[in-house]
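Quick notes on the structure that follows.
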Amino acid sequence: QKEVEQDPGPLSVPEGAIVSLNCTYSNSAFQYFMWYRQYSRKGPELLMYTYSSGNKEDGRFTAQVDKSSKYISLFIRDSQPSDSATYLCAFIQGAQKLVFGQGTRLTINP
Amino acid sequence: NAGVTQTPKFRILKIGQSMTLQCAQDMNHNYMYWYRQDPGMGLKLIYYSVGAGITDKGEVPNGYNVSRSTTEDFPLRLELAAPSQTSVYFCASSGTETQYFGPGTRLLVL
């Protein structure tokens, strides 16, 4: 079983739609739960992170963590063409080391 | 404040050649990392460092070496390039949970 499972997509939605991106994980030692956004030919940049179960909101983005189910989600409301990117879930385990999901490629169509 | 810088941006190597990928950060971060990202995949950790003089292996260290003589610099050495090392290489640094990534080095081994 992979440590992190993330549907690679690609996912294509119309502008204004609500987007749901998901990851499951198997390692109970993961301490922090993160979402990185990566534009084409660029390095990843941190979008959101949390360390507890529940929801965390930042503008149009909501990160959701369910530790009991080992499941995390990222919701994007009122999606914009500028949100088109690859979204990677990531988890921290010791020494600040990150374990990444495969990434979901998202396209928002105008 | 330049953040994390990487050189070169792109390089073609012949099988068996050697090269060093340079990485520097100006944020005074203790933690530094090297990842590789293959097409359509997430990032895999090659090596990391928790401070000057201290390095450790990540998930995929074979064929690579690192050194950390200063806080700012964390070069990655490929000794005998192989086609399997064709990838995009990202360097990152962190002070706490957030990792800041460089723009990447695209390496093609032919």
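Read the figures in this text as sums done on the coordinates, not as results from a lab. Source: prediction; values computed, not measured. No Cβ is skipped: glycine too gets one built from the backbone with ideal geometry, and neighbour counts run over all protein chains shown.
Before moving on, here are some points about what is shown:
- Beyond 23 Å, the tail of the calculated P(r) for the stretch A:1-89 holds 21 percent of the Cα pairs.
- Binning the alpha carbon pair distances of the stretch A:67-110 at 10 angstrom intervals from zero yields the distribution 22, 42, 27, 8, 0, expressed in whole percent.
- Cα Rg, Dmax (largest Cα-Cα span) when computed across the stretch B:18-67, Å: 11.6, 34
- Only one residue of A:Q96, B:Q37, A:P10 has its Cα farthest out toward the positive end of the dipole of the protein assembly as shown, where Lys and Arg carry +1 and Asp and Glu -1 on Cβ, and that residue is B:Q37.
- 11 Å beta-carbon shell around B:G3, net charge (K/R +1, D/E -1): -2
- Computed across the stretch B:63-110, the Kirkwood radius stands at 12.4 Å (inverse of mean 1/r, all Cα pairs).
- Mean separation of Cα contacts under 8 Å (6+ apart) over length of chain B, as relative contact order %: 36 percent
- Span from the the stretch A:22-45 Cα centroid across to the the stretch A:63-80 one, whole angstrom: 12 Å
- Qualifying lysines (Cα of each under 23 Å from Cα of A:K70; at least 8 residues distant if same chain): A:K2, A:K56, A:K97, B:K44
- Reciprocal of mean inverse Cα separation for the protein assembly as shown (Kirkwood radius, Å): 18.0 Å
- For the stretch A:10-16, 3J(HN,Hα) computed residue by residue from phi via the Karplus equation (6.51, -1.76, 1.60; θ = phi - 60°) reads x, 10, 10, 9, x, 4, x Hz, glycine and proline entered as x.
- Ratio Rg/Rh, restricted to chain B and using Cα atoms, in which Rh is the Kirkwood radius: 0.94
- Using Cβ point charges alone (K and R +1, D and E -1), the dipole size of the stretch B:1-91 about the Cα centre works out to roughly 260 debye.
- A dipole drawn for the stretch B:1-86 from +1 and -1 charges on Cβ atoms has a positive end, and of B:N65, B:L80, B:Q25 the residue lying farthest that way is B:L80.
- Across the stretch A:57-65, rounded Karplus estimates of 3J(HN,Hα) from the backbone phi angles (6.51 cos²θ - 1.76 cosθ + 1.60, θ = phi - 60°) give 10, 8, x, 7, 10, 10, 9, 10, 10 Hz, Gly and Pro being marked x.
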